[in-house]
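Okay, structure first, notes after.
The values are calculated or read from the model by the stated rules, or taken from the named source; none is laboratory data. Because the structure is a prediction, the values reported are computed rather than measured. Cβ atoms come from the backbone with ideal geometry, glycine included; neighbour counts cover every protein chain shown.
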Amino acid sequence: MNVDNRIARAEELLATIPELPTVPTVIVSIVQKLHDPEVDIQEILDLLLMDQVLTIRLLRLANSPYYSTMKNIVSLKEAILYLGLDHIKEVIYTCSIVDLFREGKGVIDRATLWSHALGVALVSKRIAKKVGYAEPDNAYIAGLLHDIGEVFLNYYLEPMFAQIAQKAKAEGHSFHGVESLLLGTTHNEVGHVIGRRWNVPKFVTDAMLYHHEPTHAPQDDAGLVSIIAVADQFCRWRSIDYGGYEVSEGGETEYAAWCRMAGHFPGIDADAIETILRDLDNAIEDIRLQVESIFLFI
Ligand SMILES: [Fe+2]
Ligand SMILES: [Fe+2]
């Protein structure tokens, strides 16, 4: 089944779910403004102040050890000035999606889902910096949201997702392979459809759709999608995964992603890849601590 058919099936599936959560419109407006190069900080501040819960979360996260601020940030203006617009962007995304992860429901628990999302976000950002991708914060955002379709299947199609998870575990398959078989679509298309409804930027919906098939990604986002694909594989190999339900894919997806990256970023050869992977391995305990720190402070 081709991607268009799988997207159509994802639309059908989502239409059967009443009360599909949405991202508050104020957040959609903020996110759109943050991707505008001409953005006015005062406008962002005004929009943020309309959402008190978001404001409180944002200040807590800005004061967390991950952002390791030396001073106590007490106002939104300070947070924006101190962290800069790029970091604020990733903090806002992180704070905005936390409510989609719920306690006590679903096959996979909230902490596990969060760890994988944050782990892939942090690893993607590190890889982006190392390969010279111009906007590492966008890599964080795309990494954070890459599997949002999985989060939805887990919470909103629980009986079916339980079957998918059990089959993947018993037979040693990837989730997306089993999803395709049992649902006629996968978390990639489900995420893509949801992302489009939320008006998230195209680089995010491309990462959602193609992170298991980086060779199919459109040329303009192929570099970023490949970074997410490698980060996803890396996290699964280092057990920042879905609690052992899903086996790691073979090396084909990762190899394809590195090849695609080589076409986008100069100097990506076997030696560079080895160095990047070694650096990531050396940083793995730090990455785990950062995941925990963000998780606790949000
Ligand atoms: Fe995935
Ligand atoms: Fe993933």
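Overview of values
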quantity: Search result, residues across the stretch 244-285 that are loosely packed, with under 12 Cβ neighbours inside 10 Å and either within 29 Å of GLU171 (Cβ to Cβ) or within 21 Å of the chain's Cα centre (by Cα) (or both); calculated: GLY244, GLY250, GLY251, GLU252, GLU285
quantity: Residue that is within 21 Å of MET1 (Cα to Cα), within 16 Å of ligand 2 (Cβ to nearest atom), crowded, with 17+ Cβ neighbours inside 10 Å and among the charged types (D, E, K, R), where the choices are ASP206, ASP232, ASP241; calculated: ASP206
quantity: The stretch 131-172, residues that are polar (S, T, N, Q), closer than 30 Å to VAL91 by Cα and away from ligand 1 (no atom under 16 Å from the Cβ); calculated: ASN138
quantity: Any helices (runs of 4 or more DSSP H) falling wholly within the stretch 198-279 and containing at least 3 residues that are touching a Pro at 6+ places or on another chain (Cβ under 8 Å); calculated: 222-237, 252-262
quantity: Answer residue from the stretch 157-187, given it is free of Cβ contacts under 8 Å to residues at least 40 places away in the same chain and within 16 Å of ligand 2 (Cβ to nearest atom) and is surrounded by the fewest Cβ atoms within 10 Å (Cβ to Cβ) among those; calculated: GLY177
quantity: The stretch 113-150 - residue that is of a type in the set (A, V, I, L, M, F, W, C) and more than 11 Å from the chain's Cα centre (by Cα) and, of those, farthest from ligand 2 (Cβ to nearest atom); calculated: ALA134
quantity: Exclusive hit being over 15 Å from the mean Cα position of the chain (by Cα) and of a type outside the set (A, V, I, L, M, F, W, C), set GLY195, GLY223, GLY191; calculated: GLY223
quantity: Residue within the stretch 209-220 that is at pLDDT below 95, crowded, with 21+ Cβ neighbours inside 10 Å and among the aliphatic types (A, V, I, L, M) present; calculated: no
quantity: Of all residues making up the stretch 235-286, the number that are among the β-branched types (Val, Ile, Thr) and modelled with pLDDT of 95 or more; calculated: 5
